[in-house]
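Here's the structure, in structure tokens; my notes come after.
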Amino acid sequence: MTAQQIDPIDRTGVGPRLIVPAAAFLLLYLSVDFVSPNVASSPAPRPNAPAAEVRAWLVENPLAMSLTSALQLASVVALAVFVVALGSVAGAAYRARAAGLIAAACMVLSSLLGWVLAAVAPSVSDGVAGGLRTANFIAGGTAHVAALGVFVLLASRLDLFGRGMRVFAWVAAVPAVASLVSLAVYEGAALIPLGRLLCMIWIVVAAITVSVRVARRQQVR
């Protein structure tokens, strides 16, 4: 890789611009697992649970749903910041940027639906609550993770990354995109957390990798 290949459009403060949002994306999302159980009266029902059970949980736990949505929204705001920052460093990263922003938009939709659910659950039917919960899960689960996998795969093809990061991207992207099978077979939902976590780790490692490489190039010069 030549200096010209890694010469970014804007190298000012590359480390913080990439590492901070990448870490925030991971940590804010993982914080849901610690915050929500401490304010909920019981574990959230599975996405395929009966609509009446889903609505009953939402009626009892509006705060848990609202906090979960808020943390997820904050998480994908960090993702969007990372995606834009990576594009500014890499140059022509339009397809990767589009996929990353689509992934963020899916989670934004999921968070908005979560807040709607927390607000209207007591006044809507079981069917409406169940339908909104399904849409909330698909947007923030299957759709978000599949788009995240596409982003990771496209981003790994940038000149900033070598063979190791490209292989890792495939390892992360395959389960992420394959999680689309959960739309037809519920058992496929197991691929969602696996693909999500692997993609998040790839993003953090990518942020560190790019930051270190750019810093080394600047030292050489």
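Okay, here's what the table says:
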{"quantity": "Percent carbon-and-sulfur accessible area, the chain, ignoring ligands, DNA and RNA, probe 1.4 Å", "calculated": "68 percent"}
{"quantity": "Solvent exposure ordering (accessible area, 1.4 Å, most first) of D126, D33, D159", "calculated": "D33, D159, D126"}
{"quantity": "Helix 51-60 vs. the chain, principal-axis angle (Cα, 0 to 90°, nearest 10)", "calculated": "80 degrees"}
{"quantity": "Ellipsoid semi-axes in whole angstrom, largest first, where each is sqrt(5λ) of the Cα gyration tensor of region 148-212", "calculated": "25, 10, 7"}
{"quantity": "Magnitude of the charge dipole, the chain, Cβ model with Lys/Arg +1 and Asp/Glu -1, debye to 20", "calculated": "920 debye"}
{"quantity": "Pair-distance profile P(r), taking every C-alpha pair of the chain, with 5 angstrom steps and integer %", "calculated": "1, 8, 14, 18, 17, 13, 10, 7, 5, 3, 2, 1, 0, 0"}
{"quantity": "Accessible solvent surface per residue of the chain, calculated while the other protein chains remain in place, 1.4 angstrom probe, Å²", "calculated": "47 Å²"}
{"quantity": "Theoretical gain in end-to-end length, E60 to I208 [0.36 nm per residue, Cα-Cα removed]", "calculated": "49.1 nm"}
{"quantity": "Listed residues W115, W57, W170, W202 arranged by accessible area, highest first, probe 1.4 Å", "calculated": "W170, W115, W57, W202"}
{"quantity": "Inter-centroid distance (Cα atoms) of region 36-67 relative to region 143-220, Å", "calculated": "30 Å"}
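The values are calculated or read from the model by the stated rules, or taken from the named source; none is laboratory data. What you are looking at is a predicted structure, and each value in this text was computed from that prediction instead of being measured. Every residue, glycine as well, gets a Cβ built from its backbone with ideal geometry; the counts of neighbours run over all protein chains shown. Just so you know, the surface numbers come from the protein's heavy atoms only, side chains and all, with ligands and any DNA or RNA stripped out. Shrake-Rupley method; radii C 1.70, N 1.55, O 1.52, S 1.80 Å.
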